[in-house]
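K.L.:
I have a structure I would like to understand better, so I am pasting it below and will then ask my questions one at a time.
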Amino acid sequence: MAASGKQNLQLDWGTIALYGALVLFGWLSIYSAAFNPLLPSPFTFSEEYGKQLVWIGACVFLIVVILYLDAEVFNKLAVYIYFFFVLLLMLVLVIGKEVNGAKAWFGIGDFGIQPSEFSKIGVGLFLSKFISSSGMQLKNLRMRIQAFAIIGLPAVLILLQPDVGSLLTFLAFILVMYREGMSGNVLIAGFASVVIGTLSIVIGAGRTSYPYFGELSSIWTFIISLFGLSILALIFVRNFVVPRSRRMLYSVVVISMVLASSLAFSINYIVDNVLEKHHKERIYVMLSLPVERQDATYNSEMAKITVGSGGFIGRGFHQGPMTQNNYVPEQWTDFIFSAVAEEWGFLGSVTVILMFFTLIYRLVVLAERQRSQFSRVYGYCVAAIIFMHLLINIGMVLGLAPIIGIPLPFFSYGGSSLMAFTILLFIMIRLDAERLSVFR
Amino acid sequence: MNNDNRRYTFLFIVGTICVIYIVRLFALQVATSEWKNKGSRLTEREVVVYPSRGNIFDRNGKVLVTNQTVYDLMVLPKEVLPFDTLEFCKLVNLPYDELKEILKKSTTYPNVKYKPSPVIKQMLPEEYALFAERLYKFPGFFVQARTLRTYPESLGSLLLGDVGEVNKDILEKHPDYRKGDYIGLNGIEKSYEKELRGKRGIKYVYRDNLGVEHSVANGQLDSAAQEGVDLYATIDAELQKYGEQLMQNKRGCIVAIEPSTGEILALVSAPTFDPNLLVGRARGQNFSALAKDPLKPLFNRATQAQYRPGSIFKLAQSLTALQLGSITKDTRIACNRGLIGCHGAHSMDDLEMAIVHSCNPYFRGVLQRVVEANRDPNSRAKDAAIGLSIWNEQIRKLGFGSNLGSDLPGMKKGNVPSAEYYNKKYGVEAWNFSTIYSIAIGEGEMLINPVQMCNLVCIIANRGFYVPPHTVRQIGRDGSARAEYVTRVDVGVKPEYFETVVNAMEKVVGPGGTANSIKLSDIVICGKTGTVQNEPREDHSVFVCFAPKENPKIALAVYVEYAGFGGTWAAPISSLMIEKYLKGGTTNKGREELIMNAKILN
Ligand SMILES: [Zn+2]
């Protein structure tokens, strides 16, 4: 059955070449950043660059398997795949290995598997199947809640690890649902929640002296400001909006104000009173808030210095003083982009960013040319997930986003991440290869 | 409803983020070099090139102080790879617990991972040789060579001084010193620190990924180290060593100066110690042992002890009274032992014989003539105040009450009582000559140090001038002494007044004199014995002298604490020193042996 299908496979070689280029560039960066002068062979399997070669080999195997599978398999098995990974996420909470305070790994000897990376594949497949199932309308509240439940179940399990970075990448699916017809207000509301939530922690970390009440958490300043803003908004509506829309907008302003205030207050309350100290500290570090630990700002500072050290044309392969002297701890994982920036400079960094943009653009093109809605939604899932990783990871390296540990797709060292992104991408390539034989 | 246009919104969001990141990259990498410079400061290491400190030679070119290379084993934590700690500890001979502690400390504030910290300091070359070949197996560990002082002759510890790492106080006061730098703390090392130190060089290096160091900017930013300047001391190593041997098992000091030049030939403070004790890793331990020693070997008796001058001060009194016209060499004063005690058979000496006999009533009378000259006929007290001021001024010209402009650090100035001093002590006009007369014979409130005493002998030997006593005659091989040590200081006493004093001193070391026993057949020694009273303990034995009488080559002041009369110990030590310096040694081996074996440490 599979054999008959693959004869007229129309593989998108451009995307595959882009994938190959990113993986190669990524491996070279790992080879440079993790280089051990005593063991210079790329095939040193005790070092990161040797191990990554093993993972790349595993990926080639996975690619062949995926391309040999029938495209229908992904649609049919979507639900099972989804629940398989949900099961793993539950299991990892019980028997997982704790690394850096998060129970996110299955340890198998020297190697570790991070199920949260793979769970995105399950969510992507299941969400695509759910949205593409007949009669699905994302405007429908019940459907919307069901869709959020599909995303939310693994998200909650990841929050329990806790792995805030992986959790944030799940925001990618909101972008997908937006593309599939969910109101843009959700996008705006989601964005606003993130901003309000972040601000409430950042502002709430301080203390302010208030008249009559004495010194209290500064969160009240924030809530008072929200109140003031909404009054300004009400005045604006009263004076500049046509009377027939006024009533609706009044309630929008008041409801937003109440929602925003309660969100800010409850997040601040949870951080201050519910979370344990080390969790709270981790969130503070993530938001670049002052923590007692000295090294909290060290990584961010070193990453910026390393990027700056590259200059316009870069220091050259194996020549970056910051990279070669290991100033950025574990640079080959989440900070790998700083190695690229130092050794390949502005030109190399921009090239990498453009390569990612091209990949995402290509995925959108692939998605849009699908006849099946399942394939299209899935294509957007892949594009959005890669985008979220790019957004958070590079933002972190450039000091524009807080320090959140998530990998840069295809670049960062690590088998779970590389394999998960490879599977994610090649399922799309496999789906696309049969787009002409699928009927709408 | 068709949502197809939303693909553009999606791509717009992605594109916007990419543009923001590219702009940010431009800001970090291209627009400013701020971050690049921060990186350079981290990765480019400043390697301090320590200059070797100047050597010190004696007046005959013998090496007194030089340098030896020692090695500090350092660790650069960020480069340390997992290693066999047991093997390492065995190799460098360090207990495992200590290594663990050191490694922990090397990464905790204020130490940081990318700055080296010492593991073992100041290993001798033979210690380092034991593991030098195998150190490469432990990345992150390296050895830094430094130099330490060493004293081949093992003499003159307090005179030469010692060096130590700069402390916080020095760092705050002298910004050109850095943590880990050495500085002279004492003696010549301290007073000639500027010359000996040299100039630290700085080399900027950048380490590539193989750990190989390359110079930055072709070494254009580097500054070369400038070696310290060699000093040629005035010390005669042979004489100094001999003096230290003579003074062993005794407390006291010997100061020997060449009168015509002010060059210090020997400066012995006993008990002494081997200067090599204060070098290297054992320094701290040895230093505290020396500091706790009740015999106070760290106390430089030659410059810091303030003794009452005793009888030898009569030499200064004679010169002062003659110059002020209060007496002539023929003035005779009765030995009235009712006023002040005396010893020996004499009754009505002139000045010369009064010096020979050390007649106390005579010198009481001399000071009375100086101080009570009826300058204020109405008040004996006012008269004494005026007279004492005149006396004080003249005595000070002989170098008392000052550090003589010497290069010996930390010299105590002593005390020359003035009218203000007594006004403070007794009240204005509440004292007169009979209150203060004991200073006439060098007792009472008068305080001097042995270098000042020897300097007085130089003045007498030179018949009227001195050159400030100093320890370095040449700065650099072709240099000279500091300018202030080549000019004579005139003391304002006419040369003819010295003849009486010199003749008297000659008679002291002659038949009937108090130091007759040390008379030499071939060298005329002019001297004066003295004792410093220390009731209830034994007196200090004091002897000052110069030789030969004409064209003197050496002036000496010898103090032996708690040893009784000056003629017994201090005088024979002086004569042995003179023979050593002028003839290369004594023929009187019996005396030499007796003195060297004598133990006066009750
Ligand atoms: Zn007498």
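K.L.:
Let me have the relative contact order for the stretch A:195-277, percent, based on Cα pairs under 8 Å that are six or more residues apart.
P.N.:
Working: 62 pairs, mean separation 30.5, N = 83.
Answer for the stretch A:195-277 is 37 percent.
K.L.:
With a 1.4 Å probe on protein heavy atoms only, work out how much accessible surface A and B bury together, total over both chains, in Å² to the nearest 100. Please list the in-between numbers first.
P.N.:
On the way: alone 21580 and 28740 Å², together 46110 Å².
Buried area (both sides, nearest 100 Å²): 4200 Å².
K.L.:
For chain A, calculate the relative contact order in percent as a whole number, restricting contacts to Cα pairs under 8 Å that are 6 or more residues apart.
P.N.:
Working: 587 pairs, mean separation 105.9, N = 440.
24 percent.
K.L.:
If you don't mind, there's one more thing I want to ask. Give me a comma-separated list of calculated 3J(HN,Hα) values for the stretch A:336-345, in order, Karplus coefficients 6.51, -1.76, 1.60 applied at θ = phi - 60°, integers in Hz, x for any Gly or Pro.
P.N.:
Per residue, the Karplus-derived 3J(HN,Hα) values read 4, 5, 5, 5, 4, 5, 6, 7, 10, x Hz.
K.L.:
Now a separate question. Give the average, rounded to an integer, of partner chain Cβ atoms located within 10 angstrom of each Cβ in A:261-269.
P.N.:
Working: counts 0, 0, 0, 0, 0, 0, 0, 0, 0.
Mean shielding count: 0.
K.L.:
Next question. Could you name the lysines whose alpha carbon sits less than 16 Å from that of B:Lys397, not counting residues in the same chain fewer than 8 places away?
P.N.:
Answer for B:Lys397, where 16 Å is the Cα cut-off: B:Lys314, B:Lys413, B:Lys494, listed by chain and number.
K.L.:
Given a 10 angstrom Cα cut-off, can you work out which residue in A:Ala189, A:Ala172, A:Ala420 is the most mobile in a GNM of chain A?
P.N.:
Residue with maximal mean-square fluctuation among A:Ala189, A:Ala172, A:Ala420: A:Ala189.
K.L.:
Any aspartates and glutamates with Cα under 17 Å of the B:Lys168 Cα? List them, leaving off those in the same chain fewer than 8 positions away.
P.N.:
Answer for B:Lys168, where 17 Å is the Cα cut-off: B:Asp176, B:Asp181, listed by chain and number.
K.L.:
Take peptide A:175-183, look around each residue's Cβ out to 10 angstrom, count Cβ atoms belonging to other protein chains, and average those counts. Don't skip to the end; give the middle numbers.
P.N.:
Working: counts 5, 1, 0, 5, 6, 2, 4, 2, 0.
Rounded to a whole number, the mean comes out at 3.
K.L.:
Ignoring everything except DSSP H segments at least 4 long, calculate the 222 nm mean residue ellipticity for chain B; use -39,500 (n - 2.57) per segment, divide by total residues, nearest 500. Present the calculation step by step, with values, prior to reporting the outcome.
P.N.:
Values: 22 runs with 210 residues, N = 602.
One gets -10000 deg cm²/dmol as the mean residue ellipticity at 222 nm.
K.L.:
Summing -39500 (n - 2.57) over the DSSP H runs of n ≥ 4 in chain A and dividing by its residue number, what mean residue ellipticity at 222 nm do you reach, to the nearest 500 deg cm²/dmol? Before the final figure, lay out the partial values.
P.N.:
Working: 17 runs with 297 residues, N = 440.
Helix-only estimate at 222 nm: -22500 deg cm²/dmol.
K.L.:
Accessible surface of B:Cys526 in the full protein assembly, 1.4 angstrom probe, to the nearest 10 Å²?
P.N.:
0 Å²
K.L.:
Which residues, if any, in the stretch B:18-40 lose at least 50 square angstrom of accessible heavy-atom surface (probe 1.4 Å) when the other protein chains sit next to their chain rather than the chain being alone?
P.N.:
Buried by 50 Å² or more upon assembly, which counts only protein chains, are B:Cys18, B:Tyr21, B:Ile22, B:Arg24, B:Leu25, B:Leu28, B:Gln29, B:Trp35, B:Lys36.
K.L.:
What's the angle, to the nearest 10 degrees (0 to 90), between helix B:237-246's Cα axis and the longest principal axis of chain B?
P.N.:
The two axes meet at around 70 degrees.
K.L.:
Could you tell me whether chain A comes out rounded, prolate or oblate from its Cα gyration tensor? Rule is a ≥ b ≥ c as square roots of the eigenvalues, rounded for a/c under 1.5, then prolate if a/b exceeds b/c, otherwise oblate.
P.N.:
Working: a/c = 1.84, a/b = 1.20, b/c = 1.54.
Since a/c reaches 1.5 but b/c is at least a/b, the shape of chain A is classed as oblate.
K.L.:
Let me ask another. How much area per residue is accessible in the protein assembly as shown when the probe is 1.4 Å and only protein heavy atoms are counted (Å²)? Walk me through the numbers before you get to the answer.
P.N.:
Values: 46110 Å² over 1042 residues.
Result: 44 Å² of accessible area for each residue.
K.L.:
Continuing with this model, one more query. Amide H neighbours of B:Asn415 under 5 Å, counting only residues 5+ apart in sequence or on other chains, H built in-plane at 1.01 Å?
P.N.:
B:Gly401, B:Leu447, B:Ile448
K.L.:
Quick one: work out the % antiparallel among DSSP beta bridges in the protein assembly as shown, nearest 5.
P.N.:
Details: 75 of 79 bridges.
In the protein assembly as shown, approximately 95 percent of DSSP beta bridges are antiparallel ones.
K.L.:
Once you keep just the Cα pairs under 8 angstrom separated by 6 or more residues, what percentage relative contact order results for chain B? The partial results should precede the final answer.
P.N.:
Details: 1219 pairs, mean separation 82.6, N = 602.
Relative contact order here is 14 percent.
K.L.:
Moving on to the next point. Looking at chain A, which longest stretch skips every one of the chymotrypsin sites (Phe, Trp or Tyr not before Pro) that is in a DSSP loop with at most 11 other Cβ atoms within 10 Å, leaving the sites themselves out?
P.N.:
Result for the longest clean stretch: A:44-211.
K.L.:
Specify the angular offset, from 0 to 90 degrees and rounded to the nearest 10, of the alpha carbon long axis of helix B:313-324 from the longest principal axis of the alpha carbons in chain B.
P.N.:
For helix B:313-324, the angle is close to 70 degrees.
K.L.:
Between A:Ala383, A:Ala155, A:Ala264, which gets the highest mean-square fluctuation from a Gaussian network model of chain A, Cα cutoff 10 Å?
P.N.:
A:Ala264
K.L.:
Please give the Cα centre distance for the stretch B:1-79 versus the stretch B:538-561, rounded to the nearest Å.
P.N.:
65 Å
K.L.:
Does the protein assembly as shown come out rounded, prolate or oblate, given a ≥ b ≥ c as the square roots of the eigenvalues of its C-alpha gyration tensor, rounded meaning a/c under 1.5 and, failing that, prolate meaning a/b above b/c?
P.N.:
Numbers: a/c = 4.39, a/b = 2.87, b/c = 1.53.
Cα axes put the protein assembly as shown in the prolate bin.
K.L.:
At a 10 angstrom cut-off on C-beta neighbours, averaged per residue, how do the peptides B:402-408, B:512-518 rank from highest to lowest? Intermediate values should be presented prior to the final figure.
P.N.:
Values: B:402-408: 21.1, B:512-518: 19.3.
Descending mean neighbour count gives B:402-408, B:512-518.
K.L.:
Tell me the carbon and sulfur percent of the accessible area for the protein assembly as shown, rounded to whole percent, probe radius 1.4 Å.
P.N.:
On the way: 26820 of 46110 Å².
Ligands and nucleic acids excluded, carbon and sulfur reach 58 percent.
K.L.:
Mind scanning B:Lys173/B:Lys194; B:Lys553/B:Lys583; B:Lys38/B:Lys115; B:Lys507/B:Lys549; B:Lys38/B:Lys104 and naming the pairs with a C-alpha gap bigger than 19 Å? Let's see the in-between values first.
P.N.:
Details: B:Lys173/B:Lys194 15 Å; B:Lys553/B:Lys583 12 Å; B:Lys38/B:Lys115 15 Å; B:Lys507/B:Lys549 11 Å; B:Lys38/B:Lys104 26 Å.
Long pairs (Cα-Cα over 19 Å): B:Lys38/B:Lys104.
K.L.:
For the Cα atoms of chain B, what angle does the longest principal axis make with the long axis of helix B:570-583, in degrees from 0 to 90, nearest 10?
P.N.:
70 degrees
K.L.:
How many angstrom separate the Cα center of the stretch B:510-529 from the Cα center of the stretch B:578-593?
P.N.:
Taking the Cα centre of each part, the stretch B:510-529 and the stretch B:578-593 sit 15 Å apart.
K.L.:
Now a separate question. When the Cα centres of the stretch B:327-351 and the stretch B:296-312 are compared, how far apart do they sit, in Å?
P.N.:
Here the two parts' Cα centres lie 29 Å apart.
K.L.:
Mind checking the mean number of beta-carbon atoms from other chains within 10 Å of the Cβ atoms in A:384-394? Don't jump to the answer; show the numbers that get you there.
P.N.:
Numbers: counts 3, 0, 1, 6, 0, 0, 4, 6, 0, 0, 6.
The shielding value for this peptide is 2.
K.L.:
In what order, largest first, do B:His174, A:His318 sit by accessible area if the probe radius is 1.4 Å? Mind dumping the intermediate values first?
P.N.:
On the way: B:His174 85, A:His318 25 Å².
Putting B:His174, A:His318 in descending order of accessible area: B:His174, A:His318.
K.L.:
How do B:Lys519, B:Lys528 stack up against each other in accessible area, from largest to smallest, with a 1.4 angstrom probe?
P.N.:
Working: B:Lys519 120, B:Lys528 0 Å².
The residues order as B:Lys519, B:Lys528, largest area first.
K.L.:
Here's a follow-up. With every protein chain left in place, what is the accessible area of B:Leu324 in Å² (1.4 Å probe, nearest 10)?
P.N.:
60 Å²
K.L.:
Apply the a/c threshold of 1.5 to the C-alpha gyration tensor of the stretch B:237-597 and tell me whether it is rounded, prolate or oblate.
P.N.:
Working: a/c = 1.61, a/b = 1.43, b/c = 1.12.
It comes out prolate by the Cα gyration axes.
K.L.:
I would also like to ask the following. When the chain is fully extended, how far beyond the present Cα-Cα distance does B:Ile170 get from B:Ala129, taking 0.36 nm per residue of separation? Intermediate results must be reported in sequence, preceding the final value.
P.N.:
Values: separation 41, 0.36 × 41 = 14.76 nm, distance 3.43 nm.
Gain in length upon complete extension: 11.3 nm.
The values are calculated or read from the model by the stated rules, or taken from the named source; none is laboratory data. Predicted model, so just to flag it, every value in this text is computed and none were measured. When we count neighbours, we look across all protein chains shown, and the Cβ atoms used for this are built from the backbone with ideal geometry, even at glycine. Note: areas computed on protein heavy atoms with side chains; ligands, DNA, RNA excluded. Shrake-Rupley method; radii C 1.70, N 1.55, O 1.52, S 1.80 Å.
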